[in-house]
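Following: one structure in structure tokens, then a few remarks.
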Amino acid sequence: MKTKKQDFSHLSPNQPIGIFDSGVGGLTVAKEIKRLLPQENLIYFGDTKHLPYGDKSKEAIIGYATRITEFLLEKNCKAIVIACNTATANALKEVLDLVAEKIPVIDVINPVAEKVSYEIHTNVGVIATKATVNSGLYKKSIRKHNKFIKVDELATPLLVPAIEEGFKNHPVTHSIIYNYLSNKKLKNIETLILGCTHYPLLLEEIKQFYGNRVRVIDSPSIVANQLKMILDKHHLLNTDNSGATYQFFLSDLTKNFEKISRKFFGNSIDLQLKVL
Ligand code: DGL
């Protein structure tokens, strides 16, 4: 990825961090950011009107991701976290072209691929949306650092709709998980990357399928740590203790989003409809 000349001297630590995803998935990353960086003000955009991104064309995903990025920039964000693998895999270059000179951009694939390639030396499986698997970005990014790792990717498109429907601990979700994870592509894996930010919401069910046979990578925590490192490097970590603010914008208000965001961030959060 080509890096442009960056100048972040105009930014200040108390500006918010912008986070976006197609829906509730990015909340798994936002929750980890809140845990690791409790002083940071967060603005989250959930593009619920257009989900699932995983079945959309690259052009459509680029359009959504760049519009949201512009919106977060208008909201005065000091950094953007693309908390969506599908948007990362299909629109990272366009998002970087738009804002990388002005603010840091953190994605959810490169930091995970880098960490896995240095720490894991086994067969790695990736489950993700169709648009992420088709991009081949996980395989490319992991093999860029370590060409000896075998990476098997499998598209698991029914998981996002099940999660957005709130089908946790539901027989339908159990049978989807069972069917996907039994696929012979994943037969020999020893490590699994959840290549969609929605999937950690089914972490228990996925771990139950494997028992202790497979290590499941904690991607939200890797991404939150990467964000912390980058903010620190640019002297942009917020040290103000007066209480962080959390704002949520949704392109369509859904009950499930409300439920999960309140569960992670408390009842007093501000949810607003915003169609871009
Ligand atoms: N949570 C997203 C991802 O990480 C998008 C899922 C979707 O909308 O299909 O890929």
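For K147, state whether it is of a type outside the set (A, V, I, L, M, F, W, C), open to solvent by 10 Å² or more (accessible area, probe 1.4 Å) and either in a helix (DSSP H, G or I) or under 27 Å from H235 (Cβ atoms) (or both). Full working, then the answer.
On the way: of a type outside the set (A, V, I, L, M, F, W, C): yes; open to solvent by 10 Å² or more (accessible area, probe 1.4 Å): yes; either in a helix (DSSP H, G or I) or under 27 Å from H235 (Cβ atoms) (or both): no.
No: the conditions fail for K147.
Among the listed residues S242, S221, identify the single one that is at pLDDT below 95 and under 21 Å from L36 (Cα atoms). Give the steps one after another, and end with the answer.
Working: S221 fails: at pLDDT below 95.
From the options S242, S221, the qualifying one is S242.
From the residues in the range 68-78 that are under 26 Å from K259 (Cα atoms) and not hydroxyl-bearing (S, T, Y), which one is most open to solvent (accessible area, probe 1.4 Å)? Lay out the reasoning, then the answer.
Step one: of the range 68-78, the residues under 26 Å from K259 (Cα atoms) are 68-69, 71-72, 75, 77.
Still in the list and also not hydroxyl-bearing (S, T, Y): 68, 71-72, 75, 77.
Working: I68: 2, F71: 13, L72: 0, K75: 77, C77: 3 Å².
Ranking the qualifying residues of the range 68-78, first place goes to K75.
Among the residues that make up the range 89-98, is at least one of them open to solvent by less than 10 Å² (accessible area, probe 1.4 Å) and either touching a residue at least 40 places away in the same chain (Cβ under 8 Å) or away from the ligand (no atom under 16 Å from the Cβ) (or both)? No; the residues of the range 89-98 include none that is open to solvent by less than 10 Å² (accessible area, probe 1.4 Å) and either touching a residue at least 40 places away in the same chain (Cβ under 8 Å) or away from the ligand (no atom under 16 Å from the Cβ) (or both). Scanning the range 209-233 for residues that are more than 17 Å from the chain's Cα centre (by Cα) and under 19 Å from K75 (Cβ atoms) turns up just one, L231. Residues of the range 211-232 that are open to solvent by 10 Å² or more (accessible area, probe 1.4 Å) and either away from the ligand (no atom under 16 Å from the Cβ) or assigned to a loop (DSSP other than H, G, I, E, B) (or both): G211, N212, R213, V214, R215, I217, D218, N225, K228, M229, I230, D232. Taken over the range 233-256, the criterion of being open to solvent by less than 60 Å² (accessible area, probe 1.4 Å), in a loop (DSSP other than H, G, I, E, B) and hydrophobic (A, V, I, L, M, F, W, C) is satisfied by L236, L237, A244. When the test is whether a residue is within 16 Å of the ligand (Cβ to nearest atom), closer than 18 Å to S251 by Cβ and surrounded by 24 or more Cβ atoms within 10 Å (Cβ to Cβ), G25 passes it. Report yes if some residue within the range 82-98 is more than 19 Å from the chain's Cα centre (by Cα), among the polar types (S, T, N, Q) and not in a strand (DSSP E or B); otherwise report no. Within the range 82-98, none of the residues are more than 19 Å from the chain's Cα centre (by Cα), among the polar types (S, T, N, Q) and not in a strand (DSSP E or B). Which condition number in (1) over 13 Å from L27 (Cα atoms); (2) loosely packed, with under 14 Cβ neighbours inside 10 Å is the one that K263 fails? Going through the list (1) over 13 Å from L27 (Cα atoms); (2) loosely packed, with under 14 Cβ neighbours inside 10 Å, K263 breaks only (1).
Just one of the listed residues (T86, T122) is within 12 Å of the ligand (Cβ to nearest atom) and touching a residue at least 60 places away in the same chain (Cβ under 8 Å), namely T86. Within the range 155-197, restricting attention to residues that are in a helix (DSSP H, G or I), touching a residue at least 60 places away in the same chain (Cβ under 8 Å) and more than 15 Å from the ligand (Cβ to nearest atom), the residue that is surrounded by the fewest Cβ atoms within 10 Å (Cβ to Cβ) is K185. Considering the range 35-63 alone, what residues qualify as being away from the ligand (no atom under 14 Å from the Cβ), open to solvent by less than 40 Å² (accessible area, probe 1.4 Å) and outside any helix (DSSP H, G or I)? Scanning the range 35-63 gives L37, E40, N41, L42, I43.
Residues in the range 131-144 that are open to solvent by less than 10 Å² (accessible area, probe 1.4 Å) and among the hydroxyl-bearing types (S, T, Y) were compared, and the one that is farthest from the ligand (Cβ to nearest atom) is S141. Looking across the range 225-242, just one residue is under 17 Å from I80 (Cβ atoms) and of a type in the set (V, I, T), and that is I230.
The values are calculated or read from the model by the stated rules, or taken from the named source; none is laboratory data. Every value quoted in this text rests on a predicted model; they were computed, and no experiment measured them. All Cβ positions, glycine included, derive from the backbone under ideal geometry; neighbour counts span all protein chains shown. For the accessible areas, the whole protein counts, side chains as well, though only heavy atoms, and no ligand, DNA or RNA atoms are used. Shrake-Rupley method; radii C 1.70, N 1.55, O 1.52, S 1.80 Å.
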